[in-house]
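Since the structure comes first, as C-alpha cells, the remarks are kept for the end.
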Amino acid sequence: MTTALQQRTLGVVMASQVFSGAGLAAGITVGALLAEDMLGASSLAGLPSALFTAGSAATAVVVGRLSQRLGRRTGLAAGYAAGALGGAGVVLAAAVGSIVLLLVSLLVYGAGTATNLQARYAGTDLVGADRRGRAVSSVLFATTFGAVIGPNLVSATGRAAERLGIPALAGPFALSALAYAVAGMILFLLLRPDPLLVSRTLPPAEPAHRTTARPATAGVSAGAVTMVLTQLVMVAVMTMTPVHMKAHGHDLAATGLVIAVHIAAMYLPSPLTGLLVDRVGRVPVAVAAGVTLLAAGVVSATAPEDSVALLTVALALLGLGWNLGLVAGTAMITDAAPAATRARTQGTVDVAVALAGAGGAVTSGFLMAATSYAALSITGGVLALAVIPFVVLSTRRAAA
C-alpha cells in the first residue's frame, strides 16, 4: 500500500512541477530587465529577484506551517495560488506603470518560488532514508520540462502582450500566473491521501548511512549551510547574467536560451544526483557542489563579452552546482528531521535559503555596478567553496 501510494504521490507532484517550473523560469528570465526598464537604473536590476526571493522566504514559513498542520496538499496549493496572484499583479503593474504595485506583486510572486522548492519534500515523505536522494531528484527532474519551456516562450508571450497593449516584458509573468494556478489545482485535487499525514502513521526509517549518522541539529545545520551557500551564489550570478548580456548587445532570444540551459542544468541532472547522494553519500556530493560553482564562476568571468556559447557553459555549471547542493542538503535535513516536526523544520530551513537568495540578488546588482560581471562571478565561485570545510568538519565532529 505504501509503495503504491508513494508512486501515486510522486506522479501527482511531478505533474504539478512541470507547470510550476514554467511559471518559475519565465519570471526569472525577464524580472531584472523589467525592473531596469520601470525603475530606470541598472543597479536596481537585482531588486525583482530580491523581492520575490524575500517573498519566498515569508511563504516558506507559511507553507511549512500549513503543511505541518493540514498536510502537503493544502500548504502547497495555497502557495501556488499566491504565486499566481503575484504574477497577475506584475502584469497589471506593467500595464498601468505602477512601481508600487510592481514591488508588492513581485513580493507575492515569490510564493511560487517557495512552493516549487517545498514540493520536493512531498516526494520524500513516504520513502526510506536509502532512497530519499532519488525521491527528491524525481521531483526536480519533472521541473525540467516546464523550466526549459518557460524561458523559450519569452519572445512569444512578449509579442502577445504587446498586441494587447501591455509591455512585452510583462508577457512572461502572465504565463507564470497561469502555470502556477494549474500546478496548485493539480495538487489540491489529486494529492489524496496526503503523504505527510500518512507518514506520521508509519514507523521511523533508519538512517541511510550509519557510519556518518549524527545528531539532528548537526544534520539540519550541514544541510542548511549547503543549500544556503549554493542558493546565494546561484541567484547572484544568474540574476545579473541577463543584464550583462543586454549591455553587450544580446537580444531576448539569446538571453532566453542561456537561462533555459541554466535552468535545465538545475533540474535535468537530478536522477544522477539523487543516485549519487544515496550511493556515494551526502557529504561528497555537497563537496562537488562547491567545486562546480567555483568552475562556473571562473568560466563566466573569463568568457568574452560576445560569446553566448561560453556564457551558456558557465550558466550550465552554475545550475549543476546548485542541483548538487540542493539534493544533498535536502537529504541531510530529511534524514535528521522526525516526521512529527519535519514540515516545520523544512520550512524554516527554506526561509534561510530564500533569504540567502534575496541577499545574493540585491547585492549582485550593486557589486556588478561597482566592479564588473567578472568580479561578481569570481566572488561567487570562491564563496561557494566555504561549503566544503563546513560540511566536512561538522560531520566529523558529530561522528566523534
Which of (1) surrounded by fewer than 18 Cβ atoms within 10 Å (Cβ to Cβ); (2) part of a helix (DSSP H, G or I); (3) modelled with pLDDT under 90 is the odd one out, the single condition V382 does not satisfy? (3)
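Conditions tested, residue by residue: (1) within 15 Å of the chain's Cα centre (by Cα); (2) over 14 Å from Q231 (Cβ atoms).
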| position | (1), (2) |
| --- | --- |
| G274 | no, yes |
| R279 | no, yes |
| R282 | no, yes |
| G290 | no, no |
| A295 | no, yes |
| V299 | no, yes |
| T302 | no, yes |
| G321 | yes, no |
Name the residue, out of G133, G112, G97, that is closer than 30 Å to L324 by Cα, at pLDDT below 90 and not polar (S, T, N, Q). G133
Tally, over region 345-377, of residues that are at pLDDT 85 or above and closer than 25 Å to V277 by Cα: 10
Would it be correct to say that A253 is more than 20 Å from the chain's Cα centre (by Cα), more than 24 Å from V382 (Cβ to Cβ) and aliphatic (A, V, I, L, M)? yes
Scanning region 98-128 for residues that are part of a loop (DSSP other than H, G, I, E, B) and of a type in the set (S, T, Y), the one nearest to A170 (Cα to Cα) turns out to be S98
Give just the number: which of (1) of a type outside the set (V, I, T); (2) closer than 21 Å to A296 by Cβ; (3) touching a helix residue (DSSP H, G or I) at 6+ places or on another chain (Cβ under 6 Å) does A352 not satisfy? (2)
Residues that are under 23 Å from A375 (Cβ atoms) and either without any contact (Cβ under 8 Å) to a residue 12 or more places away in the chain or of a type in the set (S, T, N, Q) (or both), drawn from region 233-287: T239, T241, T255
Candidates G71, G40 - the one that is of a type outside the set (F, W, Y), modelled with pLDDT of 80 or more, surrounded by fewer than 24 Cβ atoms within 10 Å (Cβ to Cβ) and on the phi > 0 side of the Ramachandran plot: G71
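Here's the yes/no breakdown for (1) surrounded by fewer than 21 Cβ atoms within 10 Å (Cβ to Cβ); (2) of a type outside the set (A, V, I, L, M); (3) in contact with a Gly (Cβ under 7 Å, 6 or more places away or on another chain):
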| position | (1), (2), (3) |
| --- | --- |
| G97 | yes, yes, no |
| L101 | yes, no, yes |
| T115 | no, yes, yes |
| T124 | no, yes, no |
| A129 | yes, no, no |
| S137 | no, yes, yes |
| L140 | no, no, no |
Quick check on my filter: what residues within region 385-400 are surrounded by 19 or more Cβ atoms within 10 Å (Cβ to Cβ), of a type in the set (A, V, I, L, M, F, W, C) and modelled with pLDDT under 90? V391
Would it be correct to say that V351 is more than 28 Å from L257 (Cα to Cα), surrounded by fewer than 21 Cβ atoms within 10 Å (Cβ to Cβ) and touching a residue at least 60 places away in the same chain (Cβ under 8 Å)? yes
Considering every residue within region 348-358, establish whether at least one is part of a helix (DSSP H, G or I) and farther than 23 Å from G110 by Cα. no
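The values are calculated or read from the model by the stated rules, or taken from the named source; none is laboratory data. None of the values given here were measured: they were computed from a predicted structure. With ideal geometry, Cβ positions are generated from the backbone for all residues, glycine too; neighbour counts draw on all protein chains shown.
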